[in-house]
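Structure record follows, encoded as structure tokens.
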Amino acid sequence: GRGGVLRLDANQAWTLDEAVRFASLLGPDAHKVIEYIEEPLANPGQLPDFFRSTGMRYALDESIEQGLFPALSAHPDGLAALVVKPSVLGGIEPCRRLAREAGG
């Protein structure tokens, strides 16, 4: 390839087993071209398990909107990115607070 990377978005659609199966179908070198999968699991509490099972990093989006970031950030195994939407979170100040919480 030309050095590009992919960011996939599953919109919390999969069970842990389905997400692990999907990752396995991508092949062992998928992490070289896939930067992360955004919100792969219906149960965000299992995201560290997904990472440990697949080595594939993930991003948070809907989980932030659902107010789950504080709990999920306590176990950040595999967390690659936060997808922050000012229009959804209520403007720039909530985004700044989230950035501070994330250590940014």
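Once the whole set of protein chains is in place, how much accessible area is left on residue 83, using a 1.4 Å probe, in Å² to the nearest 10? Per-residue accessible area (residue 83): approximately 40 Å². What do you get for the angle between helix 16-26 and the principal long axis of the chain? Use alpha-carbon atoms, 0 to 90 degrees, nearest ten. Roughly 60 degrees, rounded to the nearest 10.
What is the sum of charges, Lys and Arg at +1 and Asp and Glu at -1, for the other residues whose Cβ falls under 14 Å from the Cβ of residue 84? Working shown, then result.
Details: positive: 85, 96, 97, 100; negative: 38, 39, 61, 62, 65, 93, 101.
Around residue 84, the charge tally is -3.
With K and R counted +1 and D and E -1, the other residues having a Cβ less than 14 Å from that of residue 36 yield a net charge of -3. Explain nothing, just the number: relative contact order of the chain, from Cα pairs under 8 Å at least 6 residues apart, as a whole percent. Relative CO of the chain lands at 24 percent.
Each stretch of four or more DSSP H residues adds -39500 (n - 2.57); spread over every residue of the chain, this sum gives -9500 deg cm²/dmol at 222 nm. Rounded to whole numbers, the Karplus 3J(HN,Hα) couplings from phi for segment 51-62 are 4, 5, 6, 10, x, 8, 6, 9, 10, 9, 9, 4 Hz, using 6.51 cos²θ - 1.76 cosθ + 1.60 with θ = phi - 60°, and x at Gly and Pro. Projecting the Cα atoms of 30, 48, 72 onto the charge dipole of the chain, computed from C-beta unit charges around the Cα centre, puts 30 farthest toward the positive end.
Remark on the chain: hydrodynamic radius 14.1 angstrom, per the Kirkwood mean of 1/r across alpha carbon pairs.
The values are calculated or read from the model by the stated rules, or taken from the named source; none is laboratory data. Only a predicted model underlies this, so the values are computations on that prediction, with no experimental measurement involved. For neighbour counting, all protein chains shown are included, and Cβ atoms are generated from backbone atoms with ideal geometry for every residue, glycine included. Calculation scope for accessible area: heavy atoms of the full protein, side chains included, ligands and nucleic acids excluded. Shrake-Rupley method; radii C 1.70, N 1.55, O 1.52, S 1.80 Å.
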